[in-house]
1. Is it the case that some residue within the range 131-138 is in contact with a Pro (Cβ under 8 Å, 6 or more places away or on another chain), open to solvent by 30 Å² or more (accessible area, probe 1.4 Å) and more than 26 Å from Phe215 (Cβ to Cβ)?
2. Check off (1) free of Cβ contacts under 8 Å to residues at least 24 places away in the same chain; (2) more than 24 Å from the chain's Cα centre (by Cα) for Met233 and give me the number that stays unchecked.
3. Can you find a residue that is within 13 Å of the ligand (Cβ to nearest atom), open to solvent by 30 Å² or more (accessible area, probe 1.4 Å) and part of a helix (DSSP H, G or I) anywhere in the range 36-58?
4. Being more than 14 Å from the ligand (Cβ to nearest atom), under 19 Å from the mean Cα position of the chain (by Cα) and either closer than 21 Å to Met10 by Cβ or part of a helix (DSSP H, G or I) (or both) narrows it down to one of Glu256, Glu286, so name that one.
5. Check the range 157-179 and report whether any residue there is loosely packed, with under 14 Cβ neighbours inside 10 Å, over 22 Å from Thr275 (Cβ atoms) and within 16 Å of the ligand (Cβ to nearest atom).
6. Between residues in the range 89-118 that are in contact (Cβ under 8 Å) with a residue 24 or more places away in the chain and residues that are basic (Lys, Arg), which pairs lie under 7 Å by C-beta distance while being six or more apart or on different chains?
7. I'd like to check something: does the range 112-134 contain any residue that is within 16 Å of the ligand (Cβ to nearest atom), outside any helix (DSSP H, G or I) and touching a helix residue (DSSP H, G or I) at 6+ places or on another chain (Cβ under 8 Å)?
8. Within the range 111-126, can one find any residue that is at pLDDT 95 or above, open to solvent by less than 40 Å² (accessible area, probe 1.4 Å), on the phi > 0 side of the Ramachandran plot and touching a strand residue (DSSP E or B) at 6+ places or on another chain (Cβ under 9 Å)?
Amino acid sequence: MSFSILGTGMYVPPKIVTNDDIAKLVDTNDEWIRQRVGVRQRHISTNETAADMGAKAALAALENSGVKKEEIDLILAASVSGESISPSVSCMIQNILGVKCMTMDINAACSAFVFMLDTAAGFFARKRVKKVLVIGAERLSRIVDWEDRNTCVIFGDGAGALVLGEGDDYLESVFHVKGGDDVIDIPQLIGKSPFFELEQKKPYIHMRGQDTFRFAVKAICKDSKYVIKQCGMRFEDIKYIVPHQANQRIIDFASELLHVPKEKFYTNIDRMGNTSSASIPIALDELNRAGKLQKGDYVLMPAFGGGLASAACLVRW
Ligand code: UT7
């Protein structure tokens, strides 16, 4: 047994920041951002934490599923932009929801949503849970260097959530990690130890854009092909590929290399920017609520990012 998806939810903060707004902060322009990244606007939090947004997405998913919050046995959350190292974001979401279940955070940056689904599948397989909330929640505006045009144009804030129940619809997955901080790094504050001799790196997102880009295109293609093959399927059998929304050009390259039509890739990066662990569940919720997914449809979710980590999974809706 693995699980079935019972409901989806999302939340993005109301404030919209356009490319023109960002051009007032750094030397950039709307045309460059649209062409090189594919973002027109992003939602940015003015007074909500990652956990606040995660709790709102969770409530929307609970309502969509018809499951009561008291039925939840486990909350899995992912965030690289929570306010505290402890309590974790999942602990804070549990607190906001006012429930008593076990909680756990998974740190795998932009790939974390797939890592969480696999973790959830393990709990279901061992019959330890009947209902699980899985939430990606990010206030990336907290960890973006708003003076760095290479990164501040890309990211946005928001949260997405799924309610999972017993079932057999999580079909296959694959994971790769090549650890290191040279391509993507989000350093913590080093603290005030009088004995520690290393220098503080700015505690913001550092990214070597082109290296990340090349890694991302390869990862989407390799992981997607592997999962499809393991299931004895072809891309024609997949209703939607819902990739991590990092850059429209990454998705377009993957579409060309895989010979899969662009229409099969669901994208919302133009409206949302890159919301890291929240991007796949936000996209799933949009598809679900637009009535674009029917029971039995196959959905492929490739993700990649900091770590460097990548993952992909196939679910039956
Ligand atoms: O979610 C985690 C995973 N993240 C990703 O997958 C992101 C992957 N990487 C990317 O999306 C892209 O590499 C970026 C969007 C970060 C950068 O795009 P790029 O096409 O790789 O640009 P580049 O770094 O090669 O820079 C090209 C030029 C440079 O100018 P010169 O040296 O050619 O004169 C940059 O200085 O564009 C310049 N540039 C900008 N110009 C206007 C870089 N950022 C900007 C900007 N506005 N915001």
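The values are calculated or read from the model by the stated rules, or taken from the named source; none is laboratory data. The structure displayed is predicted, hence computed values, not measured ones. Cβ sites come from the backbone with ideal geometry, for glycine too, and all protein chains shown count toward neighbours. Calculation scope for accessible area: heavy atoms of the full protein, side chains included, ligands and nucleic acids excluded. Shrake-Rupley method; radii C 1.70, N 1.55, O 1.52, S 1.80 Å.
1. no
2. Failed condition: (1).
3. yes
4. Values: Glu256 fails: under 19 Å from the mean Cα position of the chain (by Cα).
Only one candidate qualifies: Glu286.
5. Yes, because at least one residue in the range 157-179 is loosely packed, with under 14 Cβ neighbours inside 10 Å, over 22 Å from Thr275 (Cβ atoms) and within 16 Å of the ligand (Cβ to nearest atom).
6. Leu97/Lys69; Val99/Lys69
7. no
8. Looking through the range 111-126, none of the residues is at pLDDT 95 or above, open to solvent by less than 40 Å² (accessible area, probe 1.4 Å), on the phi > 0 side of the Ramachandran plot and touching a strand residue (DSSP E or B) at 6+ places or on another chain (Cβ under 9 Å).
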